[in-house]
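Here the structure is laid out as structure tokens; the discussion comes afterwards.
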Amino acid sequence: MLALPLFIWNFGLFVTGVGAFKVSYELDDRFIDYRKDAKWLVMFYAPWCHHCHKTEPVWEQVAQTFNQQESTLGLRVGKIDATKSTKSAAEFHVKGFPTIKYIQGDQIYSYEGERTREDIEEFAHKAIGPAVRRISALQDLRAAEAKNNVFFIIIEGEKSSGDQRKEYQEVAEELLTSLYFYETDTRLATGNIPLQGWTTIAVYKDGKYFIYDGKKSVKEWVKQERLPGFVKITGGNFYQLVEMKKMVAIAVVDLAPYRNTMNEESKRFFDVLKTISISDREQYYDNFGFGYVDGNEIVNHVFSEWISVPSVVVYDPVKEVYYVSSETPSTVTTQSLRDFLDGILAGSVRGSGGKGWFRKAYRFVYGIAAYFHKMFSTQPILSSILFGLPLGILTIIIVMMYTNDCTEAKEDPDDDDSDHEKED
């Protein structure tokens, strides 16, 4: 009779244990000394951090992937409580939570992408290196094309000079964790990649190869071509777009959670702007980058304004000016958006924002208001306690002070009368 209850109890313990099972290494300040022994992917966290708790299950999945492959990749996955291991937090310049870093001795790379399992694992694979990977077979080239939205490749002939190769190697090492850089020879590239002279540098994006023309340095060209022609904009890559020193045309859409789909109104803006980014690349390449953003949080923060969803906006990072299209889902067409972009270039479309002192003060006030709004919307109970408790105490003190003043005012006439009676 006891067998069934005992089995159920043991099974419950097993399920609970599986849910709580941790495969990442729990590290402390001793990590500073033995970090040179292996390649490490480390998350610095704080126990009270909401984002850290959300990232925890993802981190354990990443740890399960790499710690099982430790013998082949040599990568270990760990985490450090930065509130306890303060020396480690200072050593690795941790300023926020969670902070994810690839650490191998003195070689350190910080992760700035989305906190998803796929993106973090991709970051780790890039960080392991090498900076430039060799492609020796056609199937490897096809695999790279299938795997990556964007990658760079250098093709060298027998009489290639070393100058461009040196520049290519330097930028590959600088952007090691952001992009894949490959190399191959003319034999494999012939018929598959357009060739130009003895040394060809190309970028693969949007299903095509585009050749480096030598008008800019290799580094400048790579940074301009590092993102797809129509990219999903996140907090991590927005400033990569800004570094291109172009205006950024953005479709502000509403993606359904977990399904990555959008309603018809959002899809209309998305499709029209994407069509322009691909079909009119030659016309707008020098002046615009293109992308889309899920929701309006990022653009609201950058513009310090409330932007409606869906819509199309353009941001000029040099002038810090933004333009909002007046088109609606029912009126927007490829031609109407072309007219909007052409009008911005011609100066006939009026923008908002700028670099004046009034605008800076407005952004400061907006930033404070947005911070408190986000704080109360995400953590209403905690925020109410943090702000309500001090205000409540202050209110009680003021009421008590006022009550005492009133009491003293009422008692003074009585005291005077009693003193007068004694004199009589």
Full-stretch length increase - Asn149, Tyr25 - with 0.36 nm per residue and alpha-carbon distance subtracted: 41.4 nm
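Want the number for Thr190 to Thr275: 0.36 nm per residue separation, take away the alpha-carbon distance, what's left?
Values: separation 85, 0.36 × 85 = 30.60 nm, distance 3.04 nm.
Full-extension gain reported as 27.6 nm.
If packing is taken as the mean number of other Cβ atoms within 10 Å per residue, what is the order of 24-31, 287-294, highest first?
287-294, 24-31
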Karplus-derived HN-Hα couplings along segment 39-44 (A = 6.51, B = -1.76, C = 1.60, θ = phi - 60°), whole Hz, x at Gly and Pro: 8, 10, 10, 10, 10, 8
Net charge dipole size for segment 133-288 [Lys, Arg +1 and Asp, Glu -1 on Cβ; Debye, nearest 20]: 180 debye
Binned Cα-Cα distances of segment 286-341, short to long, each 5 Å bin given as a whole percent: 4, 16, 29, 26, 19, 6, 0
Inter-label distance for Ile385 and Asp286, nm, one decimal - labels placed 7 Å from Cα along Cα-to-Cβ: 6.0 nm
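Over every pair of different alpha-carbon atoms in segment 21-127, take the mean of 1/r and invert it; report that Kirkwood radius in Å. Intermediate results must be reported in sequence, preceding the final value.
Values: mean 1/r = 0.0734 Å⁻¹.
Across segment 21-127, the inverse of the average 1/r is 13.6 Å.
What are the equivalent ellipsoid semi-axes of segment 231-355, built from the alpha-carbon gyration tensor (square roots of five times its eigenvalues), in whole angstrom, biggest first?
Semi-axes from the Cα gyration tensor: 20, 17, 14 Å.
Using the Cβ atoms and a cut-off under 11 Å, what net charge is assigned to the surroundings of Tyr182, where Lys and Arg are +1 and Asp and Glu are -1?
That sum, taken over residues with Cβ under 11 Å, equals -1.
Using r as the Cβ-Cβ distance of Glu297 and Arg142, and R0 as 41 Å, what FRET efficiency do you calculate, to the nearest 0.05?
Numbers: r = 38 Å, r/R0 = 0.93.
E(calc), rounded to 0.05, equals 0.60.
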Alpha-carbon centroid distance for the pair segment 276-354 / segment 163-204, whole angstrom: 33 Å
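Local charge sum around Thr234 (other residues, Cβ-Cβ under 13 Å, Lys/Arg +1, Asp/Glu -1)? Walk me through the numbers on the way to the answer.
Working: positive: Arg115, Lys232; negative: Glu112, Glu114, Asp119, Asp294, Glu297.
Neighbour charge sum, excluding Thr234 itself: -3.
What list do you get for Val23, Val253, Val313 if you sort them by fewest beta carbons within 10 Å?
On the way: Val23 15, Val253 24, Val313 21.
Ranked by crowding around the Cβ, least crowded first: Val23, Val313, Val253.
Could you tell me the convex hull volume per residue, in Å³, taken over the Cα atoms of segment 152-212? Display every interim value, and only then the final one.
Numbers: hull volume 4.7 nm³, N = 61.
Each residue corresponds to 78 Å³ of Cα convex hull volume.
What net charge is computed for the residues neighbouring Ser330, neighbours being all others with C-beta under 15 Å from the C-beta of Ser330, Lys and Arg scored +1, Asp and Glu -1?
On the way: positive: Lys267, Arg268; negative: Glu264, Glu265, Asp271, Glu327.
The answer is -2.
Please report, in debye to the nearest 20, how large the charge dipole of segment 195-238 is about its Cα centre when each Lys and Arg carries +1 at its beta carbon and each Asp and Glu carries -1 there. Please report the intermediate quantities before stating the final value.
Working: 8 positive and 4 negative charges, 22 e Å.
Approximately 100 debye in magnitude.
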Under 23 Å from Lys245, Cα to Cα: lysines that are on another chain or at least 8 residues apart: Lys205, Lys215, Lys216, Lys219, Lys223, Lys232, Lys274, Lys319, Lys355, Lys360
Cβ charges +1 (Lys, Arg) and -1 (Asp, Glu), total dipole of segment 21-127, debye: 160 debye
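Every read-out reported here was derived from the displayed coordinates using simple, explicitly stated rules and does not represent laboratory data. Just so you know, these numbers come straight off a predicted model, no measurement behind them. Neighbour counts run over all protein chains shown; Cβ positions are idealised from the backbone, glycine included.
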